[in-house]
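Throughout, read-outs are computed from the coordinates displayed, never taken from laboratory work. Only a predicted model underlies this, so the values are computations on that prediction, with no experimental measurement involved. With ideal geometry, Cβ positions are generated from the backbone for all residues, glycine too; neighbour counts draw on all protein chains shown.
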Amino acid sequence: MTRKLDLSGCWNDVMQLFRANRELLLSVAGVFILLPSLAFAMFAPPPVSPPDADISAIYANMQQFYSDNLVWIVLIGLLNGFASIVMLVLMLDASRPNVGDAMRRGLAIILPYYAMGVLSGVLTFLGSLAFVLPGIYIFVKLIAAGPVMVAERSHTIIAPMRRSWALTKGNSGRILLFLVIVAVTAFFVYITSVTVFGIIIRLALDGAIGDTLTILVDAVMSTLLSVLMVCVYAGIYRQLAGPGAEDIAREFA
């Protein structure tokens with residue numbers, strides 16, 4: 001039987017997952033998301049184009065920047081992906097592992113997880129070539145594949161994708177609406193926070209210290225958004241899959 005996604009219930013589940021695992025999630029995100037992104041921002045800042053530069057010059061500068069730093073960008077992406085796996089394990093593994101155990105399990109499934117991510121990305125991209133909407137649909141249908149691989153220990157590539165497709169049946173519109181609401185709200189909070197703190201820092205401090213603190217605020221907010229989105233994916237999965245046996249037992253304990 002297909003479960004209907006309850007938007008308010010899903011958000012409550014997202015918050016419960018975060019609160020219950022806050023310290024562990026933030027420690028993993030700090031090491032594998034915040035520190036690499038902060039180091040990259042400090043040692044490889046994006047190019048600053050002159051005020052009179054045209055669009056072609058700005059594009060050429062950015063293209064050169066990404067070309068020069070491609071290895072580091074890929075490495076940071078891999079670390080961020082590993083952090084997502086570990087956070088999913090911490091939230092969804094029935095054995096309630098600590099961070100060390102979660103990292104070991106994350107390493108054990110990292111190859112099929114990345115392969116599944118690449119395949120999902122290719123399918124979404126191909127769908128996007130057909131007037132965008134099919135790509136959005138495919139993305140929504142496969143959104144629970146990562147949590148399925150972790151929670152249900154389905155360590156092949158295709159089986160979690162099929163399971164996600166089945167779980168999201170009849171819920172694509174609700175899932176998309178939920179993601180849009182969360183993404184728009186989170187983006188607004190991110191932009192507002194970075195702008196306000198950036199102005200305060202610039203008014204209080206000049207030079208390198210002000211620049212460093214501004215970069216730090218940006219990196220911290222980006223990291224928090226990354227943690228939130230992993231919790232969102234886990235919350236959507238839990239809403240669609242229903243409570244596990246261990247959750248039911250704990251509820252009546």
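Quick look at the values:
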{"quantity": "HIS155/VAL74 FRET efficiency (R0 25 Å; Cβ-Cβ; nearest 0.05)", "calculated": "0.60"}
{"quantity": "Rounded FRET efficiency, nearest 0.05, which uses the C-beta distance separating ILE191 from SER67 and R0 of 35 Å", "calculated": "0.80"}
{"quantity": "Hz values of 3J(HN,Hα) by residue in segment 52-66 - Karplus curve (6.51, -1.76, 1.60), Gly and Pro given as x", "calculated": "8, 6, 8, 4, 5, 5, 4, 4, 5, 5, 5, 4, 5, 4, 5"}
{"quantity": "Structure-based [θ]222 nm, the chain - -39500 (n - 2.57) summed over DSSP H runs of at least 4, per residue, nearest 500", "calculated": "-26500 deg cm²/dmol"}
{"quantity": "Relative packing of 92-99, 222-229, which averages over residues the other C-beta atoms within 10 Å, highest first", "calculated": "222-229, 92-99"}
{"quantity": "Approximate spin-label separation VAL122-PHE43, in nm, with each point projected 7 Å along Cα-to-Cβ", "calculated": "3.3 nm"}
{"quantity": "Two-site FRET efficiency, ARG3 against LEU133, from Cβ-Cβ distance with R₀ of 30 Å, rounded to 0.05", "calculated": "0.75"}
{"quantity": "Prolate/oblate/rounded call for segment 109-153, Cα gyration tensor, a/c under 1.5 rounded", "calculated": "oblate"}
{"quantity": "Nearest-20 debye value, segment 135-250 charge dipole, Cβ charges on Lys, Arg, Asp, Glu", "calculated": "640 debye"}
{"quantity": "Cα long-axis angle, helix 207-241 against the chain (0 to 90 degrees, to the nearest 10)", "calculated": "20 degrees"}
{"quantity": "Surface/4 estimate of mean projected area, convex hull on alpha-carbon atoms of segment 125-241, nm²", "calculated": "9.4 nm²"}
{"quantity": "J(HN,Hα) series, segment 159-170, from Karplus relation 6.51 cos²θ - 1.76 cosθ + 1.60, nearest Hz, glycine and proline x", "calculated": "4, x, 5, 5, 5, 5, 4, 6, 4, 8, 4, x"}
{"quantity": "For the chain, built as a Gaussian network whose Cα springs stay under 10 Å, the top-fluctuating residue of ILE143, ILE181, ILE236", "calculated": "ILE181"}
{"quantity": "Dipole in debye (nearest 20) - the chain, about Cα centre, beta carbon charges: Lys, Arg +1; Asp, Glu -1", "calculated": "1020 debye"}
{"quantity": "Bins of 5 Å, starting at 0 and running to the largest distance - Cα pair percent for segment 1-131", "calculated": "2, 8, 12, 13, 15, 17, 13, 9, 6, 4, 1, 0, 0"}
{"quantity": "Phi to ³J(HN,Hα) by Karplus 6.51 cos²θ - 1.76 cosθ + 1.60 over segment 106-114, Hz, x for Gly, Pro", "calculated": "x, 5, 5, 10, 5, 5, x, 5, 5"}
{"quantity": "Surface/4 of the Cα convex hull for the chain, nm²", "calculated": "16.2 nm²"}
{"quantity": "Segment 37-96 and segment 103-118: distance between their alpha carbon centers, rounded to Å", "calculated": "20 Å"}
{"quantity": "Burial ranking of peptide ranges 17-28, 145-156, 182-193, 160-171 (average Cβ count within 10 Å, highest at the top)", "calculated": "145-156, 160-171, 17-28, 182-193"}
